[in-house]
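A short write-up of the structure that comes next.
The values are calculated or read from the model by the stated rules, or taken from the named source; none is laboratory data. Just so you know, these numbers come straight off a predicted model, no measurement behind them. Reconstructed Cβ throughout: ideal geometry from the backbone, glycine too, with neighbour counts over all protein chains shown.
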């Protein structure tokens with residue numbers, strides 16, 4: 001089997017790493033990949049442009065294309081591949097609107113009966129402020145914003161600043177904005193493989209969005225994660241998936257836009273029951289880096305089956321019972337900016353430890369690259385994942401790996417999974 005993975009981040013490295021463990025030993029290709037991915041897969045395209053991916057997939061005789069990031073999904077890459085008879089793991093552009101438009105996602109949730117927070121679509125700053133009933137309040141950009149289009153405003157001043165940035169300054173580009181009631185409670189990330197008819201839930205995870213310890217600082221794409229989640233046992237996982245995954249799959253199928261790929265539900269376990277914060281139509285980052293290392297089933301087989309209508313019938317997931325912890329190492333200035341070109345050392349040392357994996361995200365160069373030594377090339381640079389017999393042991397191993405890696409301006413949270421481990 002020949003599989004092409006589209007993307008260049010830590011999520012895609014985790015996907016490639018999991019596929020490399022398949023007993024089918026597929027030939028792995030990447031577009032464009034990163035220094036870590038290219039150690040496991042052959043680069044065949046330098047971008048994620050739809051036309052280029054379709055052309056190279058045809059030329060290479062690819063059996064399956066796995067689309068990592070959201071932008072190519074929303075742009076219709078899966079549709080374009082299907083038009084030339086190439087199987088793809090990921091939703092059509094119509095189904096990917098679930099992530100591409102938060103307003104559409106709310107519409108689907110309401111139609112499917114999925115519990116979620118109350119919201120109001122707004123077009124001006126004053127309209128947004130008037131719609132807020134109390135603080136904290138949530139201000140969301142309607143379109144894609146690389147995981148940064150959500151602001152939890154603690155005061156009217158913060159809400160005004162967020163609304164102004166999104167509506168007037170258009171920091172994420174043109175698009176709608178809505179305000180949403182703040183939900184309180186433990187947050188859980190639930191991912192499910194979907195075949196257009198059913199949802200098969202993966203192990204739950206909990207991520208850490210704020211930049212600083214104690215959940216302080218600005219929102220980020222994610223600074224770490226752990227799996228499993230203490231308050232979501234297998235029975236509870238099945239109950240939650242039946243509430244937040246299957247109704248969405250059913251509703252999209254009813255509309256003639258069946259969902260294939262990964263459906264990510266970010267939800268709060270509130271005192272009034274679970275409520276969905278958002279849906280993503282691809283693997284989450286950094287949740288993927290803790291969920292997939294625990295998966296012992298053949299991911300290549302599951303992805304190929306999920307690309308076909310009803311293909312997951314009878315499928316079951318096998319999971320390593322050991323917990324996993326991921327700690328993200330970010331560059332100087334993240335998330336406001338990203339320092340690039342800072343040389344990185346210690347990655348091989350960290351990755352040499354038992355049950356420890358270093359996933360590349362924003363890196364460049366390296367031994368097999370003429371551009372120079374391994375260096376930073378983005379905001380979130382690396383993620384160190386470790387498994388252990390206990391959550392505390394996994395956490396200790398992950399931070400041991402972190403301590404071995406150095407680059408100028410390196411920053412990370414020191415409290416990932418700390419409360420759960422205690």
On the basis of being in a helix (DSSP H, G or I) and in contact with a strand residue (DSSP E or B) (Cβ under 8 Å, 6 or more places away or on another chain), does residue 28 make the cut? no
- Task: Test residue 286 against the stated conditions and say whether it is over 20 Å from the mean Cα position of the chain (by Cα) and in the same structural domain as residue 199 (by TED's automatic domain parsing).
- Result: no
- Query: Looking at this structure, is residue 81 within 30 Å of residue 171 (Cα to Cα), within 24 Å of the chain's Cα centre (by Cα) and surrounded by 23 or more Cβ atoms within 10 Å (Cβ to Cβ)?
  - Reply: no
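Being outside the structural domain of residue 363 (by TED's automatic domain parsing) and under 26 Å from residue 290 (Cα atoms) narrows it down to one residue among 46, 82, 36; which is it?
On the way: 46 fails: under 26 Å from residue 290 (Cα atoms); 82 fails: under 26 Å from residue 290 (Cα atoms).
Sole residue among the options that is outside the structural domain of residue 363 (by TED's automatic domain parsing) and under 26 Å from residue 290 (Cα atoms): 36.
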Scanning segment 295-343 residue by residue, those exposed (fewer than 15 other Cβ atoms within 10 Å of the Cβ) and under 23 Å from residue 86 (Cα atoms) turn out to be 308, 309, 310, 313
Filtering strands (runs of 3 or more DSSP E) wholly in segment 82-169 for at least 2 residues that are over 18 Å from residue 180 (Cβ atoms) gives 87-89
